[in-house]
Each structure stands twice: as C-alpha cells, then as structure tokens.
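The values are calculated or read from the model by the stated rules, or taken from the named source; none is laboratory data. Just so it is clear, the structure is predicted and the values come from calculations on it, not from any experiment. Please note: Cβ atoms are built from the backbone with ideal geometry, for glycine as well, and neighbour counts cover all protein chains shown.
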Amino acid sequence: MRSMTGFGRGESASEKVRVVVELQSVNRRFFDLNLQIPQEMSALEQELRGWIHCELARGSVTLRVAVDYLDLAACPLHPNLPLVKGMQRAWEEMATACGIPFEPQAFWQMVGQHPEVLTCDRLPFGEKEVLHAAVEQAVKALVKMREREGQHLCRDLSERLAKLGEQLSRVESLLPAALGEWRGRLEKKVKELEGVLPEMMERVSQEIVTYLDRGDITEEITRCRSHFDQFGRCLEKTEENVGKQLDFLLQEIFREVNTIGSKAQDATLSSFVVAMKSEIEKMREQIQNIE
C-alpha cells in the first residue's frame, strides 16, 4: 500500500552535464503530472511522462529538472548588449547626478552580479541517459517515501477498523434488549387501546409486527461484517492501487451504518451509530491519500 504524498530527489552527471531531478506528489483521484523542465528538454516531454507514469498510478505529481552544463561548448554564451548598455547609461546618469566620476571597475563588478547579462543558445538536450538515471533515482526515492507513509496509513486504518468492529458488536449485543423494550412499549399502548377500539386490534397487531420487522437490523449487521472482512483483506494486499477499492468498501459500510441509525429506536444504539459514523469519516480522510 502506498500513500500519494511524497518527495524524491535524483542526481546524475556525465562529462558534459549534471542533472538534478526533484519529484513531489500529493493526493489526487487520478494521475496528473506537472513538468517544470528547461526549454531544451521539451522534445523529451512524452518520454518523461512515460518514465514516471509507469511507476505512479495516481496523485498530482510535480517534476522539476535543473541542468548544470559542465562543458560550456554545449551551451554557447552571448552578451545581452542592450541590457548592458542600458545599465551603463543608468550608472553614468547616477554618477553625474551625484557629482562623482564614473568608475568602470565598479560598474563591471556590478554587471558581473547579474547573470542575465549573458544569454545561452541552448542546444537540444542530448544527454537522455543522464536524465533518465536522475529521474529513476527520484522516482525510487518518491516511491519509498510513499510506501513508508502507506504503512502508517495501513496501521491506522486497521486500528480504526477494529474499533468499528467493537462498536458493531456492542450494537449487536444491545439489540435484543432494545427490541424487547421497544416491543414492550408498543404492547402497552395496544392494551390501552383494547377497550377503546376493539374492532381495530387485529389490524393494529399486524401493523406492530410489521413495524418491528422493519426495525430489525440483523441483516445490516451481517452485511457490515462482510464489508469489514473485505476491507481487512484489502489492507493486507501487497499489490498497489487499493485506494479505490477501500473507498468503495467504506461507502458500503457507511450505507449500512446509516441504515442501522435510521432504524434504531434506542438512544444507546443511536450513540454507537454516531460514534461509528465519526470513525468512518476519519477513515475516509485517510483513504483519500492512498494510491
């Protein structure tokens, strides 16, 4: 099991270039990749997407690539003359306005602090193997972090599932007494009506039986336990991409618990149902971050 949150970094170099790759991912229902790459790598965009998507199935992923050219011949430099001349004019105007002489040495020291005065004719990136190696490192680091986070989420969900099972057992143990008390209240009302509407008693008795049957939640409890078992087996799976399965099962669990709550005619039962819904909501938040 993997989380969808993580970070990975990779670095690779040749005699000509050094490439640094950073990958960051957060939860998202589907896979989405945002590329922040140098312009000279634009021709490799589809390959980059393929390298990453084959390892990551879901999540919003951001890829950042930085290139350091060790061989300057691979990146011819040209002066940005309009910018330098504009800076010189401004420097001379400031010197004249302040009544001090223009100092070329100080000016060129200032120019050297601005890398934008040099432009680079970037050639198409030709070090694909170096880039691939850096991406591979970053993906492995990201996956490792996502797996560690996934283990924490798995433990948390297992504990919450056990708690749900305990709460459901309490509901099941309280059910006979709750139904008995409910039946007793209804029978008392029936006896009060016997002397008033004797001709209606048979029909009233039938309605009471039907009403009590509708309040029986044993089927919902059975289905809940089945969903709990399936949910637990999903947590034990070693394969990836179980997030959608867990989300579906949790929706089914919530549906059954909600039905139990609507049928419950007992304050104690209702309190356990509220606690179960609260636990399910916490589990839902965790599942949103599972791949």
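What's the number of the condition residue 142 fails, among (1) modelled with pLDDT of 90 or more; (2) under 22 Å from residue 68 (Cα atoms); (3) of a type in the set (A, V, I, L, M, F, W, C)?
(2)
Out of everything in the range 1-30 that is at pLDDT below 95, part of a strand (DSSP E or B) and not small (Gly, Ala, Ser), what residue ends up being surrounded by the fewest Cβ atoms within 10 Å (Cβ to Cβ)?
This residue is 26.
Taking residue 10, is it in contact (Cβ under 8 Å) with a residue 60 or more places away in the chain and of a type outside the set (A, V, I, L, M)?
So residue 10 fits the description; yes.
Exactly one condition in (1) in a strand (DSSP E or B); (2) surrounded by fewer than 19 Cβ atoms within 10 Å (Cβ to Cβ) is false for residue 65; which is it?
(2)
On the basis of being of a type outside the set (Phe, Trp, Tyr), closer than 30 Å to residue 236 by Cα, surrounded by 18 or more Cβ atoms within 10 Å (Cβ to Cβ) and modelled with pLDDT of 90 or more, does residue 33 make the cut?
Spelling it out, it is not the case that residue 33 is of a type outside the set (Phe, Trp, Tyr), closer than 30 Å to residue 236 by Cα, surrounded by 18 or more Cβ atoms within 10 Å (Cβ to Cβ) and modelled with pLDDT of 90 or more.
Out of 149, 136, 92, report the one residue that is acidic (Asp, Glu), free of Cβ contacts under 8 Å to residues at least 12 places away in the same chain and assigned to a helix (DSSP H, G or I).
Testing whether each residue is acidic (Asp, Glu), free of Cβ contacts under 8 Å to residues at least 12 places away in the same chain and assigned to a helix (DSSP H, G or I) leaves just 92.
Look through 57, 43 and report the one residue that is exposed (fewer than 14 other Cβ atoms within 10 Å of the Cβ), in contact (Cβ under 8 Å) with a residue 60 or more places away in the chain and not in a strand (DSSP E or B).
43
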